[in-house]
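The structure appears below as structure tokens.
Laboratory data are not the source of any read-out in this text; all were calculated from the coordinates shown. Keep in mind it's a predicted model, so treat the numbers as computed, not measured. Cβ placement follows ideal geometry from the backbone for every residue including glycine, while neighbour counts extend to all protein chains displayed.
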Amino acid sequence: MLLSYAVISPYTPRVPLDLLEVLVHVLCLLDLTLLLFLTVSSFVSRLICPIMTTLKIAIHASYMANTYDFYKPNLSSEYPEVDGPVSVVTYVAALDAAYSVFKEKVAKLSKRAQLAGHSVEKTHDELFSLEDVDYAIFHSPYGKQAVKGHARMVFNDFINNPNDPRFANVPDAENLVKISRSSSLTDKNVEKVFVTASKSSFSKKTDPAMACSKRLGNMYTASLYGCLASLLSTVDSQALLGKRVSLFAFGSGCAASFFTLRVKGDTSTLREKMDLTNRLAQMKVVPPQEFVDALLVCPLFSLSLL
């Protein structure tokens, strides 16, 4: 499987474990068909193929940087080196950058459309925001990361338009708007304020897509699409029709992509075929020791544990 090769190949000493997710999006800039074909796991492929006639994907905004937050310098081990705090900051910084570029692209497209005499949802000087989507889903290595990602989108919207009525109850707004972008990445007060401010929005726009993340834990590359599968399985087809969804893909190392899609067809068949809610409910829960014992069956893992 393509993902397995990327993770354990001896010829790739520093491959982000979920970079392929973002690679798919980068390739998508060239050819949407490639995005739908180059699926990196059987889970994703079963979801994406029927979506070709169900979802409409438009503008993409991508970001890349050289970071050592999650990588494999030791080729004799199955395990990566992880710097948790750096990985969280890298994720947030990548979201900032990709989301900002997306806003710029939408504004430019709106301006061109206006100049051409077409009607637009927003004028070019009205930046895209979280309020323009019905759902917002994220690469979710664990549930709290999606909470932080959602809050960070709200923070970005606040910085762009602090006088928006939805930010009327943000405490100490005058000082928060002055904080530098780099300082805000590690500022726990900023994180706390906007996690609190975005609770209602998260419950409405992101939580319906968290079924897989809550039940399965970290799926790496499949994470974002697990959220998409969760959304399609949780929300009724009629309720989803015409709705707009933002997606944030991320791969350590790092690369990221922000884009939106709009549901343009019936999703009931996808929901029925996946039967995701029932499958998650039928999962077998076992003690951690059984997982450790299972690792010993694989010679490579066994050597890593010695």
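A cut-off of 5 Å between modelled amide H atoms, ignoring neighbours fewer than 5 places along the same chain, links Ala136 with Thr206, Ser246.
Which whole-number percent is the relative contact order of region 105-189 (Cα, under 8 Å, 6+ apart)? 17 percent. Note that region 64-112, at 25 °C in a medium of 0.890 mPa s, gets a Stokes-Einstein diffusion coefficient of 188 µm²/s from its Kirkwood radius over C-alpha pairs.
In terms of Cα atoms, the Rg and Dmax of region 201-298 work out to 15.9, 49 Å.
Applying a threshold of 30 Å to the alpha-carbon distances of Lys178/Lys214; Lys111/Lys264; Lys103/Lys204; Lys178/Lys199; Lys103/Lys192; Lys103/Lys243 flags Lys178/Lys214 as lying beyond it.
Summarising the amide proton neighbourhood of Ile179: residues at separation of 5 or more, or on other chains, whose placed amide H is nearer than 5 Å comprise an empty set.
Which part of region 228-254 falls in the paramagnetic zone of Asp164, meaning amide N under 20 Å from the point 7 Å along Cα-to-beta-carbon? Within reach of a label on Asp164: 243-249.
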